[in-house]
1. Given R₀ = 45 Å, what would the calculated FRET efficiency be for residue 35 paired with residue 141, taking r from the Cβ atoms and rounding to 0.05?
2. Defining a contact as two alpha carbons under 8 Å apart and six or more residues distant in sequence, what relative contact order in percent does the range 10-57 show?
3. Over the range 42-116, what is the relative contact order in whole percent, taking alpha-carbon pairs under 8 Å and six or more residues apart?
4. With equal scatterers on the alpha carbons only and no solvent term, can you work out the Debye log10 of I(q)/I(0) for the range 68-152 at 0.12, 0.14, 0.17, 0.22 1/Å?
5. Please compute the Cα-Cα pair-distance distribution of the range 14-65 with 5 Å bins starting at 0, giving whole percents from short to long.
6. If r is the Cβ-Cβ distance from residue 116 to residue 54 and R0 is 35 Å, what FRET efficiency results, to the nearest 0.05?
7. So for 1, 20, fewest C-beta neighbours within 10 Å to most, what's the order?
8. Can you tell me, using C-alpha contacts under 8 Å and at least 6 residues apart, the relative contact order of the range 68-152 as a whole percent?
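All of the numbers you see were taken from the coordinates with simple rules; none came from a lab. On a predicted model such as this, the values are computed, not experimentally measured, just so you know. Glycine gets a Cβ as well: all are built from the backbone with ideal geometry, and neighbour counts include every protein chain shown.
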């Protein structure tokens, strides 16, 4: 029998084992039945089943989350370098999401006599993505095509994500730190406006008088004669 803390208790009578489990408020569970005597363990069977179901759920979720994505380098080795770069960027997105990537290079006609051209294209993929992946399957041949499989390097990807989050947090902190400085600039502008208040008021009075003369030139003339 095995105790609740995985300690080996030894061979016990069945009734004695049941009594020990009950005294601890636990269950006596047979874990290996095809052995003589069978191996039993004292445990919380309900908690054990719950933990097992959680492990199965995580395993299923992990299996669904990771897929094998295929990227084809056209129908020939004569693919433009720019088009290769587009496919490399696409593969990088797949790898960052946790997917494996199979890169396929096809050969047409007499290109089979220069297999190194296609291999070089695949090597470029592996080299450009070495910062987040590793080659799981080296180039293998199937008829007139060859392929490699890249698997995500999870530790490196997590490191990159952490650095990106840290950079984002620093940028937000810097923006918040600069906000008071912008407010201070606004106060300076207000102070300058107060220093020029007299001049602004004089201009406002003159503007109002000009508008009044334009609307009522006779009244404005009378005001000027009467000294009002």
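1. Working: r = 49 Å, r/R0 = 1.09.
That gives a FRET efficiency of 0.40.
2. With pairs under 8 Å counted, the relative contact order is 26 percent.
3. On the way: 57 pairs, mean separation 28.4, N = 75.
Answer for the range 42-116 is 38 percent.
4. Here the Debye-derived log intensity ratios amount to -0.30, -0.41, -0.60, -0.99.
5. Percent of pairs per bin, in order: 4, 18, 19, 17, 15, 11, 8, 5, 2, 0.
6. Here the calculated transfer efficiency is 0.10.
7. On the way: 1 20, 20 17.
With the fewest neighbours first, 1, 20 line up as 20, 1.
8. Numbers: 143 pairs, mean separation 28.8, N = 85.
For the range 68-152, the relative contact order is 34 percent.
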